[in-house]
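The values are calculated or read from the model by the stated rules, or taken from the named source; none is laboratory data. Because the structure is predicted, anything quoted here is derived from the model rather than measured. For neighbour counting, all protein chains shown are included, and Cβ atoms are generated from backbone atoms with ideal geometry for every residue, glycine included. Surface areas here come from the heavy atoms of the whole protein model, side chains and all, with no ligands, DNA or RNA. Shrake-Rupley method; radii C 1.70, N 1.55, O 1.52, S 1.80 Å.
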Amino acid sequence: MKTERMMTGRGLKGFAWVLTSLAMALASTGCGDECVDDFDCRDKGGAPSGQHYTCVENTCELTSNSVPDAGTETDAGTSTDAGTTTDAGTTTDAGTTSDAGTSTDAGTTTDAGTTDAGTTTDAGTTTDAGTTSDAGTVTDAGTETDAGTGTDAGTDPCESATYDPKLGTLQLQTGFVAGESAPLPSSSGPVGVTPGPTYSLYTVVSEGYSGPHALYSLGTWPQVSLGAMPLFDVAAPADRSPSAVLFLSSFVETDGQRVLTGYTKSGAGFPGSVGVYDIATPASSTYVSAPSNFSAGVVPGAFLINGGGLDTVSAGLAIYALKTDASPFTALKVGTLPPETGGSGFTAVSTNGVAMLGYYSDDTFRNEGRAVGPAAISQALTSGTPFVVADGPALDVGSNFVAASGHGEGVSVVRGDYVPPDYNFAGTDVSRFAFNVTNDGATVTVGARQPVLVYVDQCTRVTGLTAIGSDLLVGVDDKRGTRLVRIQQSPQVR
């Protein structure tokens with residue numbers, strides 16, 4: 001299962017809206033396998049300290065990390081020692097041929113790592129600890145065969161970096177201004193915002209894969225605070241047992257009357273559901289089967305869902321619509337994804353009605369996005385005849401991307417890529433693409449990429465994007481905490 005989540009419902013601290021984990025999307029594997037290699041296990045989120053996820057017989061399992069060697073072939077000790085005050089090796093050895101001592105020495109109390117430490121190819125003294133054959137001590141411990149901790153045992157550049165109160169180390173680009181900012185509760189997952197003019201915020205809070213998983217109010221912008229009581233159980237009744245393992249989808253979407261959430265499960269076709277919470281009449285809330293649901297957006301009279309099916313309509317990975325303009329709701333397929341689609345992708349709708357509809361491409365091994373005009377969407381909703389997503393113009397993103405949101409008459413995405421050896425996501429920027437609509441909504445032109453926020457380093461990261469009116473609400477996280485920042489276009493470029 002090739003899954004990546006920009007945001008999850010397990011909280012920004014514990015499961016983090018996971019920009020560090022997402023966006024190859026729910027792939028159509030045709031079986032119930034959870035993974036085919038270790039790469040597919042990244043949607044599990046962060047593993048406990050000292051462990052990592054490994055794909056074993058198509059299941060992601062926790063495995064203890066191996067203890068790194070304290071050197072190379074000329075190592076002055078054994079795997080787990082080699083450098084402590086009273087040892088730096090075993091009594092009779094402390095190394096190999098080019099060891100930290102001689103055959104009659106190499107490991108006594110006054111040698112191999114204390115006041116003597118041997119000859120030139122030594123195990124290191126307190127002021128050395130950084131030569132080629134060294135096992136490393138406190139003042140170094142940062143080379144590839146590191147005997148230290150993490151990625152360095154020295155100073156952390158993020159501790160001394162300069163942080164803007166709103167944007168941290170992110171740099172705002174020409175044409176945009178940072179508006180209000182508000183702290184975000186650490187338990188919050190993805191955030192959805194009503195159309196306005198009063199912007200009500202909603203989020204999903206989850207206590208792990210087994211739940212509970214609930215929709216909460218976050219108040220009204222910019223007075224953000226988590227509601228005292230849950231509004232709605234995200235899990236359908238059949239999936240509320242203590243043994244149920246749910247993978248929450250990375251969206252909370254609202255049309256002002258309803259709030260849409262979703263989740264999937266392991267199994268053939270990745271079964272799942274979307275929940276529709278009725279704001280005015282909670283008793284009218286409902287659940288709809290939606291396998292492989294990955295992203296969603298709002299268009300007049302419907303929710304668009306990028307996934308593997310909806311209710312009784314099953315046609316594989318495609319764009320589906322849940323029509324909400326009549327009761328009961330009806331489902332239909334409205335968009336066909338390209339043949340190179342290897343997984344579902346992102347969905348974002350602009351204020352001029354253009355939908356960016358995404359998919360994971362098996363040709364480029366990236367997320368791709370196409371712009372579909374409002375006329376094509378309206379016709380598909382009316383006629384039931386799907387449009388062809390590939391007929392829309394492509395967004396020239398120029399890299400992978402792991403989140404998308406409407407941003408005025410356009411959309412913004414979080415660009416970057418997964419970096420070896422751990423393949424954690426490293427962001428480069430948030431960029432916007434403007435949409436120009438002509439021919440009564442039938443023709444869309446995509447503008448050139450315009451940077452909004454640029455990463456100077458990885459000390460501050462973007463954890464999520466969502467539209468707030470014609471502006472962009474950006475989730476930001478760093479050592480100063482997690483917060484939402486409203487990004488507005490400068491008046492002269494609106």
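With the structure loaded, tell me whether Pro195 is in contact (Cβ under 8 Å) with a residue 40 or more places away in the chain and open to solvent by 30 Å² or more (accessible area, probe 1.4 Å) or whether it fails that test.
yes
Confirm whether Ala244 is open to solvent by less than 60 Å² (accessible area, probe 1.4 Å) and more than 25 Å from Leu472 (Cβ to Cβ).
Yes, satisfied.
Need the failing condition index for Ala268 against (1) closer than 22 Å to Val313 by Cα; (2) open to solvent by less than 20 Å² (accessible area, probe 1.4 Å), just the number.
(2)
Have a look at Ser225, Ser292, Ser273 and point out the one that is open to solvent by 50 Å² or more (accessible area, probe 1.4 Å), over 22 Å from Gln379 (Cβ atoms) and of a type in the set (Gly, Ala, Ser).
From the options Ser225, Ser292, Ser273, the qualifying one is Ser225.
Would you check which residues across the stretch 352-396 are out of contact with any strand residue (DSSP E or B) (no Cβ under 6 Å at 6 or more places or on another chain) and more than 18 Å from Val298 (Cα to Cα) and list them?
Asp363, Thr364, Phe365, Ser383, Thr385, Ala390, Asp391, Asp396, listed by residue number.
In the stretch 440-457, which residues are touching a residue at least 40 places away in the same chain (Cβ under 8 Å) and outside any strand (DSSP E or B)?
Selection gives Asp440, Gly441, Ala442, Ala448, Arg449, Tyr455, Val456, Asp457.
Would you be able to tell me the number of residues in the stretch 419-438 that are under 16 Å from the mean Cα position of the chain (by Cα) and either open to solvent by 50 Å² or more (accessible area, probe 1.4 Å) or without any contact (Cβ under 8 Å) to a residue 12 or more places away in the chain (or both)?
Count: 5.
Quick check on my filter: what residues within the stretch 317-327 are at pLDDT 95 or above and open to solvent by 10 Å² or more (accessible area, probe 1.4 Å)?
If the condition is that a residue be at pLDDT 95 or above and open to solvent by 10 Å² or more (accessible area, probe 1.4 Å), then Leu317, Lys323, Thr324 are the ones that fit.
Taking the stretch 382-407 as the region of interest, how many residues are in a helix (DSSP H, G or I) and under 21 Å from Glu340 (Cα atoms)?
The qualifying residues number 3.
Among what's in the stretch 439-463 and is more than 21 Å from Gly369 (Cβ to Cβ) and within 26 Å of the chain's Cα centre (by Cα), pick the residue that is least open to solvent (accessible area, probe 1.4 Å).
The extreme case among them is Thr460.
For the stretch 255-265, enumerate the residues that are open to solvent by less than 20 Å² (accessible area, probe 1.4 Å) and either touching a Pro at 6+ places or on another chain (Cβ under 8 Å) or over 21 Å from Thr194 (Cβ atoms) (or both).
Listed by number, the residues that qualify are Tyr263, Thr264.
Of the numbered conditions (1) open to solvent by 30 Å² or more (accessible area, probe 1.4 Å); (2) free of Cβ contacts under 8 Å to residues at least 60 places away in the same chain; (3) not aliphatic (A, V, I, L, M), Gly211 fails exactly one; give the number of that condition.
If we test Gly211 against (1) open to solvent by 30 Å² or more (accessible area, probe 1.4 Å); (2) free of Cβ contacts under 8 Å to residues at least 60 places away in the same chain; (3) not aliphatic (A, V, I, L, M), just (1) comes out false.
Looking at (1) surrounded by fewer than 14 Cβ atoms within 10 Å (Cβ to Cβ); (2) out of contact with any Asp or Glu (no Cβ under 9 Å at 6 or more places or on another chain); (3) at pLDDT 95 or above, which is the only condition Glu409 fails?
Going through (1) surrounded by fewer than 14 Cβ atoms within 10 Å (Cβ to Cβ); (2) out of contact with any Asp or Glu (no Cβ under 9 Å at 6 or more places or on another chain); (3) at pLDDT 95 or above one by one, Glu409 breaks only (1).
Take the residues in the stretch 311-354 that are free of Cβ contacts under 8 Å to residues at least 24 places away in the same chain and in a strand (DSSP E or B), then tell me which one is nearest to Tyr263 (Cα to Cα).
Val313
Yes or no, residue by residue, for (1) open to solvent by 30 Å² or more (accessible area, probe 1.4 Å); (2) hydroxyl-bearing (Ser, Thr, Tyr):
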site: Thr336; (1), (2): yes, yes
site: Leu357; (1), (2): no, no
site: Tyr360; (1), (2): no, yes
site: Phe387; (1), (2): no, no
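What pairs can you find where one residue is in the stretch 387-405 and under 14 Å from Val334 (Cα atoms), the other is assigned to a loop (DSSP other than H, G, I, E, B), and their Cβ atoms are less than 6 Å apart, with a gap of 6+ or different chains?
Final answer for the pair search is Val389/Leu337; Ala390/Pro338.
Please go through the stretch 469-491 and pick out each residue that is closer than 13 Å to Leu172 by Cα and basic (Lys, Arg).
Arg486 - this is the single residue of the stretch 469-491 that is closer than 13 Å to Leu172 by Cα and basic (Lys, Arg).
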